[in-house]
Amino acid sequence: MLHRPSIFATFLLLTASAHLSAADGQITLQPAQIKALGIETIVVGEASTARAGSYPAQVRVPNEQMRIVAAPVSGMVEMLAVATGASVKRGQVLAHLASPQALELQRDALQSGSQSALMQQNLKRDEQLFAEGLIAESRLQATRSAAQQAAAQSGERKQGLALAGVAPGKLGGSLALTAAIDGVVLEQGVQLGQRVEAATLIYRIAKLTPLWLEIQVPAELAATLREGATIKIANSEVSGKLIAIGRAVDAASQTVLLRAAVSAGAETLRPGQVVEVEIAALAGSLPRLPASALVRNQGTTLAFVQGAGSDKESNFVARPVRVVSQGGDSVQIDGIKAGERVAVKGVAGLKAMLTGVGKE
């Protein structure tokens, strides 16, 4: 009865004539052995090697382009002129607020202004009387001090009126809330007829050009980048420039925050949108390989690089590499140059032969 050889026996037969060197991790194979082990190779840097990796990013509005229209005082929303998504101009009236507190501010400002004017008149009178020798200097100093206090109080009340957005003058009328910049309404925080407290959000307005892209990338990748690198949105012609590289690493994900600015094409993006981006500068500086080309051995990531050989045999050297980033089924690595030939299939057999060397 005939017995078929076991898989292990077949492997031994295939590797019996392979020359192994523990010193440099080199494996020499004959063409028949390469075919039997299913080893296939590619040249690093060819277009068919792997596709470019991508990273998730979220569209943000730059802080300096955001403005909040809030209720400066408590009151009732009497009128809303725009809604979410509307474009507005600087100085445009967005809402009216009926506010008893605003009336109190107007009243106090009017009263303090009248009091300050009266004290200024008293000061002029006492200065004239003192010049004629009719009053003591102490009375003039008291009048001058009272006039200064009244002027300071009047200025304070006027400043409070301005901060509240209340127009000085006669009492009455609703409080008009206006846009501080040209932009688009991103959020409406209240409804018509709603009673609100001071600092309640009425509208959130933003200028939408340029926009930011906030990208989370592995710390190893961030270490290879420089400000000014080109950032391109995947499957799009929209691109931008890297303007900031975070110095802190997120403890949970071990990623670093990158920030890119997008001007041309920013109108196609929406704040809060999640997109995928490609870092073009890095894609051209470090090669990519299929993930199947790498193996782990004793805590080290290895790739098998085919060296110089002959028609009768081929040499493969196990070379340590560093994984910089991973996207889909490809990885970006440091340690292999473009133009070198690397095994992408049959690497498990090469690893088994390599680890067999280490046991001898």
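The values are calculated or read from the model by the stated rules, or taken from the named source; none is laboratory data. Quantities reported herein were computed from a predicted structural model and do not represent experimental measurements. Don't worry about glycine lacking a Cβ; one is built from the backbone with ideal geometry, like all the others, and counts go over all protein chains shown.
What the table shows:
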read-out	value
Verdict on THR41 being in contact with an Asp or Glu (Cβ under 7 Å, 6 or more places away or on another chain) and modelled with pLDDT of 80 or more	no
Tally, over segment 69-83, of residues that are modelled with pLDDT of 95 or more and either in a loop (DSSP other than H, G, I, E, B) or not assigned by TED's automatic domain parsing to the domain that holds THR178 (or both)	3
GLN101 vs. criteria surrounded by fewer than 19 Cβ atoms within 10 Å (Cβ to Cβ) and free of Cβ contacts under 8 Å to residues at least 24 places away in the same chain	no
Selected residue [surrounded by 13 or more Cβ atoms within 10 Å (Cβ to Cβ) and more than 30 Å from ALA308 (Cβ to Cβ)] from LEU80, LEU29	LEU80
Index of the failed condition, VAL93 passing every other in (1) over 29 Å from ILE205 (Cα atoms); (2) surrounded by fewer than 14 Cβ atoms within 10 Å (Cβ to Cβ); (3) not hydroxyl-bearing (Ser, Thr, Tyr)	(1)
Of all residues making up segment 84-104, the number that are of a type in the set (S, T, N, Q) and in a strand (DSSP E or B)	1
Residue check for VAL305: closer than 17 Å to TYR55 by Cα, at pLDDT 80 or above and assigned to a strand (DSSP E or B)	no
Selection count where residues are touching a Leu at 6+ places or on another chain (Cβ under 9 Å) and within 29 Å of GLU104 (Cβ to Cβ), scope segment 75-92	8
Unmet requirement for GLY75, which otherwise passes all of (1) touching a helix residue (DSSP H, G or I) at 6+ places or on another chain (Cβ under 8 Å); (2) free of Cβ contacts under 8 Å to residues at least 60 places away in the same chain	(2)
